[in-house]
1. Assigned to a helix (DSSP H, G or I) and either of a type in the set (A, V, I, L, M) or in the same structural domain as Ala425 (by TED's automatic domain parsing) (or both): which single residue out of Ala167, Ala220, Ala189 fits that description?
2. Sort through Gly244, Gly234, Gly215 and tell me the only one that's in the same structural domain as Thr436 (by TED's automatic domain parsing), under 25 Å from Tyr274 (Cβ atoms) and part of a helix (DSSP H, G or I).
3. Scanning segment 31-51 for residues that are buried (at least 22 other Cβ atoms within 10 Å of the Cβ) and β-branched (Val, Ile, Thr), which turns out nearest to Leu77 (Cα to Cα)?
4. Among what's in segment 395-426 and is among the hydroxyl-bearing types (Ser, Thr, Tyr) and touching a residue at least 12 places away in the same chain (Cβ under 8 Å), pick the residue that is farthest from Arg353 (Cα to Cα).
5. Restricting the first residue to segment 231-260 and requiring it to be more than 26 Å from Gly446 (Cβ to Cβ) and in contact (Cβ under 8 Å) with a residue 40 or more places away in the chain, which pairs with a second residue that is buried (at least 17 other Cβ atoms within 10 Å of the Cβ) and among the polar types (S, T, N, Q) meet a Cβ separation below 7 Å and a spacing of at least six or different chains?
6. Output the qualifying pairs, or none if there are none: Cβ atoms under 9 angstrom, residues six or more apart or on different chains, first residue in segment 3-18 and free of Cβ contacts under 8 Å to residues at least 60 places away in the same chain and under 20 Å from Pro95 (Cα atoms), second residue of a type in the set (A, V, I, L, M, F, W, C) and not in a helix (DSSP H, G or I).
7. If you go through segment 437-447 one residue at a time, do you hit one that is surrounded by fewer than 24 Cβ atoms within 10 Å (Cβ to Cβ) and more than 22 Å from Arg374 (Cβ to Cβ)?
8. Taking segment 279-290, which residues are surrounded by fewer than 18 Cβ atoms within 10 Å (Cβ to Cβ) and in contact with a helix residue (DSSP H, G or I) (Cβ under 7 Å, 6 or more places away or on another chain)?
Amino acid sequence: MTESLPVDGASLTPEQFLAVVRGGCEVSVPAEALARVAASRRAVERAVTAGRPVYGVTTGFGSLSDRVIPPGDARLLQTSLVRSHSSGAGPPLPPDVVRGMVLLRLNSLAAGHSGVRPEVIERLVDLLNHRLVPFVPEQGSVGASGDLAPLAHLALALLGEGAFLDAEGRGEPAARVLAREGIPPLELAEKEGVALVNGTALMTSYLALAVEDLGALLAAAEIAGALSFDALRGHPGSLDDRLGEIRHLPEQREEARILRTLLAGSRLAVAGPYQGQDPYTLRCLPQVLASVRLALGFARRVLEGELNAVTDNPVVFEGDEFVNGGNFHGQPLALALDTLALGAQYLAAFSERRISRILHPALNRGLPPFLAARAGLSSGFMIPQYLAAALVNENATLVHPASATSLPTSADQEDFVSMGPWAGAKLRRIHANSSTVVAIEWMVAGQALELRRPDVGGAGSESALRFLREIVPPWSQDRPPAPDIERLATAVRDGSAVRRVRRDVAF
């Protein structure tokens, strides 16, 4: 029997998140967590029985919070909430993002501060363990009163009224899927609708996946940068550890260490006759890559807290206390997502400049124009640089911070919102674009390294070249480069390119 991951509301790690969301690990909820859930549920039931005015339980929502709901309608209120808030638009969210939402909502509710019944916990576990992915439209959340519309679509599927994604990514009626899987539709009790839809699960899912993906992209960019450093005969002085030491920036020192490791043994990146200072795209590799490492560090700090956060409203505490607050507000997440977008764009823009330099006969230190075998008859890698430039420009329009602008909602009750979900959605496109640019650099710099023979590059560069040649043949005459670029970009995005180099060089 496969061992399941215990989800207890307090100890979820980024690695466990990925194991469930992308690795398919099954989950369970420990008995002690279920006991906390049951205790908070009893507090809700006592409040309803006593006729207490509790936001979202016996009152309306948002600017309608002053409307008291009769006890007899308290359960209908929750179902009406889910139905009315299922107002998303656009294509469905990717399966990994949605599975992340389910896991995060489960973990938050398992903390025992949300007042749901154990049955709600069980249904969320069923979704994950049965590999069911609710159909959740991408657009519709402003990231402030939680990710209301996306989470409402998730909850609607639990009710048997929404849809799940089928194998082709199309919607299949939820009632049919639940019946096939033997899972009864959920009937919501008091507070359960607001507990399901009021939270930061979409933004946090975006962030958890982006931290993993951008970390992998940074490693690929380090390898591509080392390849270019060799191909352009960079001077190793700029990687001296003492430079980072006197700047007091640990991330710079780490990047210089990684590059020195990748370039170890190079006969190209060596101190030779003075030829002027290297361009910034070589000489400032440690400094610029350090900025991306800083962005990742900040994002991880936000993520590690948010993975185990209780983000719905109101929150139930001991003594039957219901506290109204704003834990659902996504501003910290939006800032982290917007910051990662900048980091991804730094990698792409930096990489494109090295691509251009390697192909430029006046700047590439003796390499053929565009690395063409017969320049003029052959265009070589001229147009892949166009693609890189186009993607960098696209990123430049997407990188504008989503969180820089707020539009009020709910009749100005929610008068400052984070726009974090759009920050996460566009970050995925920026990451995809940047991965392609880094792949182009890897391909171009690898070809240039071969043209430097008999001189060899560093251990990491030579390993990267060997991997390149496993999936992309040498460029001896013109052919359509698009398939080569896509194969290598896929290997950059899925991490196989970096893993292959790490088999040879620990960096």
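1. Numbers: Ala167 fails: assigned to a helix (DSSP H, G or I); Ala189 fails: assigned to a helix (DSSP H, G or I).
That would be Ala220, the only listed residue that is assigned to a helix (DSSP H, G or I) and either of a type in the set (A, V, I, L, M) or in the same structural domain as Ala425 (by TED's automatic domain parsing) (or both).
2. Gly244
3. Of everything passing the filter in segment 31-51, Val44 is nearest to Leu77 (Cα to Cα).
4. Residues of segment 395-426 that are among the hydroxyl-bearing types (Ser, Thr, Tyr), as a first pass: 397, 403, 405-406, 409-410, 418.
Within this subset, residues satisfying the condition of being touching a residue at least 12 places away in the same chain (Cβ under 8 Å) are 403, 405-406, 409-410, 418.
Numbers: Ser403: 29, Thr405: 31, Ser406: 34, Thr409: 42, Ser410: 46, Ser418: 33 Å.
Among residues in segment 395-426 that are among the hydroxyl-bearing types (Ser, Thr, Tyr) and touching a residue at least 12 places away in the same chain (Cβ under 8 Å), the one farthest from Arg353 (Cα to Cα) is Ser410.
5. Close Cβ pairs (under 7 Å, with a partner that is buried (at least 17 other Cβ atoms within 10 Å of the Cβ) and among the polar types (S, T, N, Q)) amount to Gly244/Gln252.
6. Leu5/Leu12; Leu5/Cys25; Leu5/Val27; Gln16/Leu5; Gln16/Val7; Gln16/Cys25; Gln16/Leu307
7. no
8. Pro279, Arg283
The values are calculated or read from the model by the stated rules, or taken from the named source; none is laboratory data. Note that this is a predicted model, so its numbers are computed, not measured. All Cβ positions, even for glycine, are placed from backbone atoms using ideal geometry, and neighbour counts span all protein chains on display.
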